[in-house]
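Right, one structure below, let's go through it.
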Amino acid sequence: SAVISQKPSRDICQRGTSLTIQCQVDSQVTMMFWYRQQPGQSLTLIATANQGSEATYESGFVIDKFPISRPNLTFSTLTVSNMSPEDSSIYLCSVEGDRNEQFFGPGTRLTVL
Amino acid sequence: EDQVTQSPEALRLQEGESSSLNCSYTVSGLRGLFWYRQDPGKGPEFLFTLYSAGEEKEKERLKATLTKKESFLHITAPKPEDSATYLCAVQNDNYGQNFVFGPGTRLSVLP
């Protein structure tokens, strides 16, 4: 399975600011995914990021709020823009394995004041 | 629309007391059903993939089974270290469809 790291592991931010979360994988992967896990809730897919193409966003998520970059096959970033307290969540990246399973990073815990 | 529900929401067991967690799903075409374990403050840890009805997978004290409408995660003689939230997710067989996660079952195993 892939080894995935995320930076930062946690952050506390002020309303109206933006935060960029980094996701690094130890092997080349085609598809990377970004999820949000709100307090006490399960995981909700934000978008799918393929290298060399625009990210595909799920219903309820837009590029202006959650811009994503995918510059190569081992790295991606998710930016949470113009943050409000409702954006306080754990943000997780994942990659697809050989048999359709997904492997997750440790997550970034974001608190917006 | 694909949907996943899990029951119970929370479960408390004594060490050694076996039980089962349920995952019920509705999907137009099942590509795979996935079980994960999530410890507090960490990302989900992959446990099993099930692809077709009748399939079973085992790992230590855990056994996952699949029917056309639901999956069960059986926990035999659990230990306190099995305490975690267990998540199931489905993937639609249309290429590009992504995971839909259930709400999870919070398991506590008391010594």
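Summary of values
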| read-out | value |
| --- | --- |
| Test: B:L73 is of a type outside the set (S, T, Y), within 22 Å of A:Q37 (Cβ to Cβ), buried (at least 16 other Cβ atoms within 10 Å of the Cβ) and in contact with a strand residue (DSSP E or B) (Cβ under 6 Å, 6 or more places away or on another chain) | yes |
| The one condition in (1) part of a loop (DSSP other than H, G, I, E, B); (2) surrounded by fewer than 20 Cβ atoms within 10 Å (Cβ to Cβ); (3) of a type in the set (G, A, S) that B:G43 fails to fulfil | (2) |
| Qualifying residues in the stretch A:91-113 (those that are more than 8 Å from chain B (Cβ to nearest Cβ) and surrounded by fewer than 22 Cβ atoms within 10 Å (Cβ to Cβ)) - the one farthest from A:L19 (Cα to Cα) | A:D98 |
| Some residue of the stretch B:53-65 being away from chain A (no Cβ under 14 Å) and surrounded by 20 or more Cβ atoms within 10 Å (Cβ to Cβ) | no |
| Some residue of the stretch A:65-87 being within 14 Å of chain B (Cβ to nearest Cβ) and assigned to a loop (DSSP other than H, G, I, E, B) | no |
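None of the figures in this text is laboratory data; all of them are computed from the coordinates on show. Just so you know, these numbers come straight off a predicted model, no measurement behind them. As a convention, Cβ positions derive from the backbone with ideal geometry for all residues, glycine included, and neighbour counts pool all protein chains shown.
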